[in-house]
1. Return a yes/no flag: does segment 45-66 have any residue that is small (Gly, Ala, Ser), in contact with a helix residue (DSSP H, G or I) (Cβ under 6 Å, 6 or more places away or on another chain) and modelled with pLDDT under 95.
2. From the list Leu124, Leu78, which residue is surrounded by 18 or more Cβ atoms within 10 Å (Cβ to Cβ) and in contact with a Ser or Thr (Cβ under 6 Å, 6 or more places away or on another chain)?
3. Restricting to segment 287-307, and then to whatever is without any contact (Cβ under 8 Å) to a residue 40 or more places away in the chain and of a type in the set (A, V, I, L, M), can you tell me which residue is nearest to Thr253 (Cα to Cα)?
4. Just checking, how many residues over segment 216-253 are surrounded by fewer than 22 Cβ atoms within 10 Å (Cβ to Cβ), among the β-branched types (Val, Ile, Thr) and over 17 Å from Ser107 (Cα atoms)?
5. Of these, Val208, Val256, which one is without any contact (Cβ under 8 Å) to a residue 24 or more places away in the chain, on the phi < 0 side of the Ramachandran plot and either among the aliphatic types (A, V, I, L, M) or surrounded by 21 or more Cβ atoms within 10 Å (Cβ to Cβ) (or both)?
6. May I ask you to say which residue of Phe39, Phe72, Phe45 is among the aromatic types (Phe, Trp, Tyr) and exposed (fewer than 15 other Cβ atoms within 10 Å of the Cβ)?
7. Check every one of the helices (runs of 4 or more DSSP H) wholly within segment 23-116 and list those with 3 or more residues that are free of Cβ contacts under 8 Å to residues at least 60 places away in the same chain.
8. Take segment 56-96 and flag every residue that is closer than 13 Å to Phe112 by Cα and either among the aliphatic types (A, V, I, L, M) or over 16 Å from the mean Cα position of the chain (by Cα) (or both).
Amino acid sequence: MTHGPSPPAFEALDRDTYRRLARPRNGLAMAHILVRAGFHLALLFLSVRLAAGGQVLTALAVLIPHWAAWSFLGWAGLGHELFHRNVLTSRRANGLLFRACSILTWSNDAFFELTHPLHHRHTLGPADVEANAGARIRAGQVAWLLTLDVPGLFRRLRLLALNAVGQIPGDARIQDLAPPGSPERRAIRDGARRVLLVQAALAATFLVAGQPILVAGVTLAPFILSGFNRSLALLQHAGLRAGVPETRFEDSTRTVRLGPVGAFFYANMNLHLAHHVWPAIPFYNLPEADRALARTGASRHETPGFLAGLRLLAALNTGP
């Protein structure tokens with residue numbers, strides 16, 4: 001929904017409140033991380049036990065919520081927040097966990113390190129190589145996103161294989177970020193090799209241990225039931241335009257109202273305007289920042305829930 005003129009979003013928090021909200025809280029952060037880890041490990045453990053007892057279909061059914069949530073470890077979720085190095089007080093710990101989340105979701109952390117700062121500085125502008133307001137979920141993709149996204153898996157493998165030999169597909173903007181022979185190009189090469197090596201080692205270990213269920217539960221997990229994550233990631237900026245200036249995020253960024261479970265797994269990235277205005281604020285403090293934006297009327301684009309978001313994406317697909 002769109003409101004009339006609003007004060008600059010940055011003014012929604014006074015300096016003291018901003019400083020308080022930007023301060024990481026290790027106890028709360030670790031609670032979030034441990035609940036997530038416990039959720040995934042418990043379902044994986046139960047599926048292994050069921051598969052060992054011959055109940056393979058039941059074991060796969062147990063993994064359904066695990067699969068639906070796994071993609072949220074990536075760059076549209078917890079991994080993205082760890083990139084900002086503000087979840088824990090230790091920047092090194094944030095960085096190590098960011099790399100782990102990237103590997104577990106088949107993502108090259110070195111590439112994101114280059115593109116994401118540009119996305120924040122130039123949201124939907126010409127220099128933003130990450131977000132595309134015109135990106136859509138095509139009808140032919142829906143079945144894959146609700147099952148195993150085989151095309152997405154092969155695209156990711158191809159991209160990582162190219163990165164691993166020093167090639168980076170993309171236009172001139174991307175090439176300029178990591179010219180041949182540059183440290184950035186080498187970092188992207190090494191990042192891809194790291195993902196491929198760790199994932200291959202994990203898959204081999206699962207198979208040697210006689211646990212093919214873990215190949216489905218870990219190796220293929222980022223590509224199974226990924227439609228929930230994909231839809232929310234698109235809703236962050238779909239159908240919007242760059243602000244003038246580009247840091248006027250009220251024009252380019254959408255907030256999606258989710259329930260507590262969805263917001264938890266999405267690391268509050270549904271409160272995306274608050275995140276763009278104050279990227280230094282940890283995800284667990286974003287709800288207070290979001291309420292401050294709501295009081296000022298700065299939140300111009302909002303969607304009341306996931307189903308409403310799907311309807312919006314469908315309308316954008318059929319629009320002019």
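1. Scanning segment 45-66, I find no residue that is small (Gly, Ala, Ser), in contact with a helix residue (DSSP H, G or I) (Cβ under 6 Å, 6 or more places away or on another chain) and modelled with pLDDT under 95, so the answer is no.
2. Result of the check over Leu124, Leu78: Leu124.
3. Ala294
4. Count: 2.
5. Val208
6. Phe45
7. Once the helices (runs of 4 or more DSSP H) in segment 23-116 are filtered for at least 3 residues that are free of Cβ contacts under 8 Å to residues at least 60 places away in the same chain, what remains is 26-52, 56-62, 78-83, 91-104.
8. Ala76, Leu82, listed by residue number.
The values are calculated or read from the model by the stated rules, or taken from the named source; none is laboratory data. Source: prediction; values computed, not measured. Quick reminder, even Gly has a Cβ in these numbers, built from the backbone with ideal geometry, and neighbours come from all protein chains shown.
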